[in-house]
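One structure is given here, and the rest of the page talks about it.
The values are calculated or read from the model by the stated rules, or taken from the named source; none is laboratory data. Please read all numbers here as calculations on a predicted model, not as lab measurements. Using ideal geometry, Cβ is built from the backbone for each residue, glycine included, and neighbour counts are taken over all protein chains shown. Only protein heavy atoms, including side chains, enter the accessible area calculation; ligands, DNA and RNA are left aside. Shrake-Rupley method; radii C 1.70, N 1.55, O 1.52, S 1.80 Å.
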Amino acid sequence: AQALEADGRPREAVKDYNEFHTLMGGQVSAAFYYHRAQAALAGRLNQMAVDDIHHAVEMNPDNVDYLIEKASICTRFNLSDEGITTCKRIIELTPEYPDAYRLLGLCYIHKGDKKAARTAFLRAKELGDPHAEGLIEKFTK
């Protein structure tokens, strides 16, 4: 499946992941759901990506890689409340992670809260996020 995804065939990769899931009787790891979510995103199977990243986080709730992917997916699909909750969890676990603050700011923008977004973007900028300044200019001025 990973080779298919690397070869630019994400939907075929998802089919392989699905076969593996079936062969394993559904007894798969959080990493499986994380990787299938990424393939699903690349193949524009958006609901599958959302569902799979939820499974990965449920199975391993303190894995920052899974959480940041969940926050990214929530931001992408305008699941703002869930994205905010996820970003806050990431910040609890790793308070110096600029991506979490950037994604938090984007979630606040989706909710229409420019003040909270600006605060999050400024923190991301302080932590060295190269995209934060552009987001501040674009969304909070």
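Ordering of 108-115, 38-45 by packing is 38-45, 108-115, highest average first (other Cβ atoms within 10 Å, averaged per residue).
Write out the GluC sites (Glu not before Pro) in the stretch 62-127 meeting two conditions: DSSP loop, and at most 12 other Cβ atoms within 10 Å of their Cβ.
On the way: sites: Glu69, Glu82, Glu92, Glu96, Glu126; in loops: Glu96.
Hits after loop and neighbour filter: Glu96.
Panel values: the stretch 1-67, Kirkwood radius from alpha carbon pairs, Stokes-Einstein at 10 °C and 1.306 mPa s, translational diffusion coefficient 136 µm²/s. Here the gap between Asn78 and Asn46, fully extended at 0.36 nm per residue and compared with their Cα-Cα distance, gives a gain of 10.3 nm.
The mean accessible area for residues of the chain, using a 1.4 Å probe and ignoring ligands and nucleic acids, is 54 Å² per residue. Rounded to the nearest percent, how much of the accessible area of the stretch 14-141 (1.4 Å probe, protein heavy atoms only) is carbon and sulfur? Using a 1.4 Å probe with all protein chains present, the stretch 14-141 comes out at 51 percent carbon and sulfur. Phi-derived couplings, Karplus 6.51 cos²θ - 1.76 cosθ + 1.60 at θ = phi - 60°, listed residue by residue for the stretch 27-33: 8, 10, 8, 4, 4, 4, 5 Hz, with x used for Gly and Pro. Annotation: peptides 26-34, 47-55, ranked by per-residue average of other Cβ atoms within 10 Å with the highest first, follow the order 47-55, 26-34. When Rg and Dmax are taken over the Cα atoms of the stretch 1-136, they come to 16.0, 50 Å. With a threshold of 22 Å on the Cα-Cα distance, the over-threshold entries among Lys70/Lys138; Lys70/Lys141; Lys88/Lys125 are Lys70/Lys138; Lys70/Lys141. Partners of Lys15 within straight-line reach, counting aspartates and glutamates whose Cα lies under 20 Å from its Cα and excluding those fewer than 8 residues away in the same chain: Glu5, Asp7, Asp51, Asp52.
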